[in-house]
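Here is the structure we will look at.
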Amino acid sequence: MGQLLAVQDLAKRYGATVALGGVTMGIRAGEVHAILGENGAGKSTLVKILSGVVQPNDGTMLLDGAPHTPASIFAARGAGVSTAFQELSLIPHLSVAENLLLPKVSRGRFWPERRASIMQRAAAILAEWEITDIAPDAMIEDLPLAQRQRIEITRALSHATRLLVLDEPTAALPDTSWLFRQIRRLTERGVAVMYISHRLSEVREICQRATILRNGASIETVDLAGVDDAGIFAMMVGHAPAAPRSETETATGDILLETRDLHVGAIKGLNLTLRAGEIVGVAALEGQGQQDLFQALGGVRKRASGDIIVGGRSAPLGTPGKAQRTAPGIAFVPEERKADGIFDNLTAATNIVMADFASRSTGAFVNARLERNRAAKSAERVALSPRYLGFEVGNLSGGNQQKVLLARALMTGAKILILFDPARGVDVGTKQSIYAMMDDFVANGGTILFYSSELTELVQLSTRCVVLYNGQVSAEVSRADMTEERLLAAAHGPARTPPTPLREAS
Amino acid sequence: MTDATHPSVAETRAARRVTLRHIADSAFLIIVIYLVMAVVYVAVQPSALSAYSIESLFNNSLPLMLAAAGATFVILQGGFDLSVAGTISLVNVVIATTPMEGPGGALALLALAVALGMAVGAINGIIVAYLRIQAIAATLATMIICQGIALLILKAPGGMVSDFMVYELTASLTDRVPYALVIAALGVVFWTIYSRTDAGRNLLAVGQDRKAAALSGINVQRTEFFSFVWAGAFYALAAYMLAAQTSTGNPSAGEPFLLLTFAAVALGGTAFGGGRGGVTASLFGAATLMLMQKVLFAMGVSSFYTGVIQGMIMITAVLFSAAVHHAASNRRGA
C-alpha cells in the first residue's frame, strides 16, 4: 500500500514554547495508525495542524503526493481530512442534525432548506453510521456525554474521504464496538485513520502501526505486533514505567461521610458510607445516576430528599463552597473540566489556590509570591511540574489541566475527595501520578469516592466498589472478590446473567 | 435508557421540555408582554384605537425598533456595538442635507443611507473581527468619530427632509395599516428567513461557543464581520425613518438611542453573552419599551417616576424570561 500522508520535520512554536519540534511520519491508505505519547508530547498540536486549526512554522505534509496546507477546518475537510476532537466541538443549543451538517446546514441556494428536509438528510447520516438511539432533532445539550461523543465522531466520519483523525475518541465511550465497526468500514474504502488514545489495549485491537511522540518529536514508528507494552512505555517516557501500585487493605477508620436514603435526580434511596482511609469506587453504565450522586455530594446539585451526613452531622451542602467548609471538608472534581472547573486564561498557580482564597479571604489582596509557593506545594502532591505554574491553564495539555484541578482540590485541605472520572483521557504517566496521589491521600486519613468509566481502574484502585444500577446500589464488591467481570455483571442490573457487552449493540 | 420502566413519564417530561424551550427560544414571551401592555393602554386611553393614535404610536416606535434589531445581530454572536448612536446621527444629518424629492429621491436616499450604515458597520467589523480589538473600545471610537462627522456636516438641528418622506412614509397603507407597521413586519419576515440560512445559524452558533463553532468549520471572523455590517444597515434604516418622522436633521439625533437600544434588546430576551434570542424579539422589545412610556403617560404617572417604573418592569420581564429559560433547560434529571 502506498503512503497516503507523509509528514516531514513538522514543527510548531508558540512564542518560546515549542509544541512540536520535528515530527516525521507516514500513514498508509487503509491503515489505522496510532499516535502514542505522554501529555504534552505534541499529539494535540499535530491534530490541530492536520485539521487546519493552526498552521505549522516548519516542515511539510503531503497528502496523496500533493502538499497539504489547510488554512481552516473547512479547507482540511475539502481535502478529505476530518477530525473528531477530544474537547468536543458541538454547539450545545443546536440540534444533532444542525451540528452534523455545520457549517453548511441549508442546501438551498436562494431559500433556506426546509427543517424536515434537513432532518431527513441528518437521519440518513445517522443511519449510515449505525446510530439508532439518537434522534436528529434532539438538542445536543440534552444528550449525555457518550452520545455527544458519538455525534462528534459521526460528523468526522461523514466527511472523511481520505484521512480520519480521532483524538481520544473513546474518552467518554464505555464500549468500542460501534466505533471500531465504523473504522473498519472506512478503512475498507482505503481511508486512513489516525487514532490517538491512551488506552493501549484499544490501540492494539484496532491499529496496525504506531508512531511514538516524546517532547514534541517523533521517536519511532513501530509495528504494534512486534513490540510489547513495556517497550512502548519506555519509548513514551524515555525510561521504564513505574511499578504497579501496592494493594490497600480494608479500612476501618472513622465514618467521614454517610448518605441515608438519598434521593437526587435519578438516584433513588441511596445509602453509602465513606470511611477514613478507603477509596470507594463507583461502577455504572452511563446514565445510572452517577452524575447526580457526585454533584449532590459536591454541593453542585440539591438533593430531593434523604440525608447527607458529613463528619457526624447532617449537612445541607447547598453550594460547592459550603461543601468545602463543612468539616472535615468535601472537595469535588467534576466531569467536564473545560466547562465546569477551569479558568482557561488564569495561570495554573492561580487556578490551584483559587478555592483556598475564595473560602478564606474576603477582599484581601493576593500576594503573588505567596500564591506561587502555596500552589507549588499542592502541585507537588499531584506531580505537576513547577514549570507549568506560571502558564495559562488553557495552554496546558488535558492531563496537566486535570492535575491542576486535583491540586486545587487538595489545596482546600478537605478530607473527602469526590472525583468524577479523574483519569479520563490522560496518559499513563499522569494516571500513575493521580493514583499515587489518591493512595497518599487516604493513607493520611482522607477518604475518596470516585467514579471511573474504566473498569480496570476501578479494580486497581478501589478498597471496595459500589455498583449503581437504575439509581440504586445493585451490588457492593469488596477488594477480595473484585474482578472486571463481577463489576460488569452487577452494572447490568441485579438479576441478569450472563453479562452482555457494556454498550448496546446498535 | 434508565427510564425504560416508565417510558410514558419520560416522554411527557420530554414533551413538556420541548414546548417550554420553544417558548423560551422564540419571541413568544415578549409578544405576550407587548399584547398585555397594549390591552392596558387601550383600557386607560380609549382613544388609543383611533387611526391617528395607532399611526403615531408606530411611527414613534419604529426607529428604536430598527436600531434594536440591528444591535441584535452583533449581540447574538457575542459581541457589543456602541456605534449605534453615532451611525444614526451621521446618517440622519446626511439625509437632511441631501435634498432629493419624490419617491425616486426617497429611494435613492434610502440606498445612500443603507450604504453609509453598512460602511460604518464594515469598519467596525474589520477592527473587531480581523484586527482583534475589543468590541467596546472599537465601537466606542467609531461612535465618537461618526458623531464628530455629523457635527461637521450639520452644526445645529436643521436641514431639510423631502415632503414625500415626511408625509407619505409616515402615513398608512389604504389609511388603515401604518407603513411603519408594514416595515416592522418586513423586519420580522426578514429575520424569520435569515435565521434559517447558514449565515443566521452560524451567528447563533458563534455566540454560543466560539471555539466549538470554529472547530465545526464555521468561519468565525467572517460571521463577526457581517454581524456588524447588518447592524449598520439596520441603524441606517432607523436613522432614515427618524428623519422622516421628525422632518429634520439633528447631529445628536442618535444619542438617546444608545441605552434604549440595549434596554430593548434585553427586554426582548436576547442574551448579552450571545447565542440566544433574535431580531423579532428585539423588535417587540423596543415596541414594548415605547408602548410602556405611552401607558405611563396616559396613566398620568409623573415623568419623574417613569424611569424608575420602566426599569422595574424591565427587570421583572428579564427575570421572568430567565425563569422560563431555566425551566426549559433544566435537563440534568435525564
Rounded, prolate or oblate for the range B:232-334? Axes are the square roots of the Cα gyration tensor eigenvalues, ordered a ≥ b ≥ c, and the cut-off for rounded is a/c under 1.5. oblate
One finds, for A:Arg260 and A:Asn215 with R0 = 51 angstrom and r their Cβ-Cβ distance, a FRET efficiency to the nearest 0.05 of 0.50
What is the calculated FRET efficiency for A:Gln3 to A:Ala327, with r their C-beta to C-beta distance and R₀ = 56 Å, to the nearest 0.05? 0.35
Residues with amide H under 5 Å of A:Val165's amide H, sequence separation 5 or more or different chain, H placed in the peptide plane at 1.01 Å from N; which? A:Ser82, A:Thr83, A:Ala84, A:Met194
What order do you get for B:93-99, A:398-404, A:107-113 when each peptide is scored by the mean count of other beta carbon atoms within 10 Å, highest first? A:398-404, B:93-99, A:107-113
Give the average over all directions of the projected area of the C-alpha convex hull of the range A:80-209, one decimal, in nm². 8.0
How large is Rg over Rh for the range B:32-153, taking Rg from the Cα atoms and Rh as the Kirkwood inverse mean of 1/r across Cα pairs? 1.08
The percentage of the accessible area of chain B (probe 1.4 Å, all protein chains present) made up of carbon and sulfur atoms, to the nearest whole number, is 71
Ranked highest first by average number of other Cβ atoms within 10 Å, how do A:316-326, A:120-130, B:212-222 line up? B:212-222, A:316-326, A:120-130
Compute the distance from the alpha-carbon center of the range A:16-90 to that of the range A:139-205, in whole Å. 16
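Show me the three semi-axes of the equivalent ellipsoid for chain B, from the C-alpha gyration tensor (sqrt of 5 times each eigenvalue), largest first, rounded to whole Å. Can you show the working numbers first?
On the way: eigenvalues 243, 140, 59 Å².
Equivalent ellipsoid semi-axes, largest first: 35, 26, 17 Å.
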Two-site label geometry, B:Ile183 and B:Leu131: point separation in nm, points 7 Å out along Cα→Cβ: 3.2
Between A:Glu380 and A:Glu476, with labels modelled 7 Å along Cα→Cβ, what's the label distance in nm to one decimal, could you check? 3.8
Within the protein assembly as shown, helix-based [θ] at 222 nm, where runs of 4 or more DSSP H residues each add -39,500 (n - 2.57), nearest 500: -15500 deg cm²/dmol
If the chain between A:Thr17 and A:Glu485 were fully stretched, how many nm would it gain, using 0.36 nm times the residue separation less the Cα-Cα distance? 164.0 nm
Can you list the residues, at least 5 places off or on another chain, whose amide H is less than 5 Å from the amide H of A:Ala283, using H built in the peptide plane? A:Val466, A:Val467, A:Leu468
Please list, ordered by chain and number, the residues whose modelled amide H lies under 5 Å from the amide H of A:Gly21; skip anything fewer than 5 residues away on the same chain. A:Lys12, A:Ala217
Once you average over the residues of A:343-351, how many Cβ atoms of partner chains fall within 10 Å of each Cβ? 0
A:Arg204 versus A:Asp440, label points 7 Å from Cα toward the beta carbon: distance in nm? 3.0
Accessible area, 1.4 Å probe, largest first: how do A:Thr132, B:Thr261 sort? A:Thr132, B:Thr261
Looking only at other chains, what is the average number of their beta-carbon atoms within 10 angstrom of each beta-carbon in B:195-205? 6
Report relative contact order for chain A in percent, whole number only (criteria: Cα-Cα under 8 Å, sequence separation at least 6). 15
With only alpha-carbon atoms counted, please give the Rg and Dmax of the protein assembly as shown, in Å. 30.4, 94
Largest-first ordering by accessible area, 1.4 Å probe, given options A:Lys431, A:Lys268: A:Lys268, A:Lys431
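Please average, across the residues of A:85-98, the number of beta carbons from any other chain that are within 10 Å of each residue's own beta carbon, and give a whole number.
For this peptide, the per-residue mean of nearby foreign Cβ atoms is 5.
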Dividing the convex hull volume of the alpha carbon atoms of the range B:44-94 by its residue count, what do you get in Å³ per residue? 116
Looking at chain B as a GNM with Cα springs under 10 Å, which of B:Tyr179, B:Tyr305, B:Tyr167 has the largest mean-square fluctuation? B:Tyr305
Which net charge results for the neighbourhood of A:Asp167, defined as the other residues with beta-carbon distances under 9 angstrom from its beta-carbon, given Lys and Arg at +1 and Asp and Glu at -1? -1
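What translational diffusion coefficient, in µm²/s and rounded to a whole number, does the Stokes-Einstein relation yield for the range A:3-237 at 20 °C and a viscosity of 1.002 mPa s, taking the hydrodynamic radius as the Kirkwood radius over Cα pairs?
Approximately 117 µm²/s, per Stokes-Einstein.
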Calculate the all-directions average of the projected area of the range A:138-200's alpha-carbon convex hull, and give it in nm². 4.5
Accessible area of A:Lys377, 1.4 Å probe, to the nearest 10 Å²? 150
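The values are calculated or read from the model by the stated rules, or taken from the named source; none is laboratory data. This structure is a prediction, so every number in the text was calculated from the model and none was measured. Neighbour counts are summed over all protein chains in view; Cβ atoms, including those assigned to glycine, are modelled from backbone coordinates with ideal geometry. The area values use the complete protein model at the heavy-atom level, side chains included, leaving out ligands, DNA and RNA. Shrake-Rupley method; radii C 1.70, N 1.55, O 1.52, S 1.80 Å.
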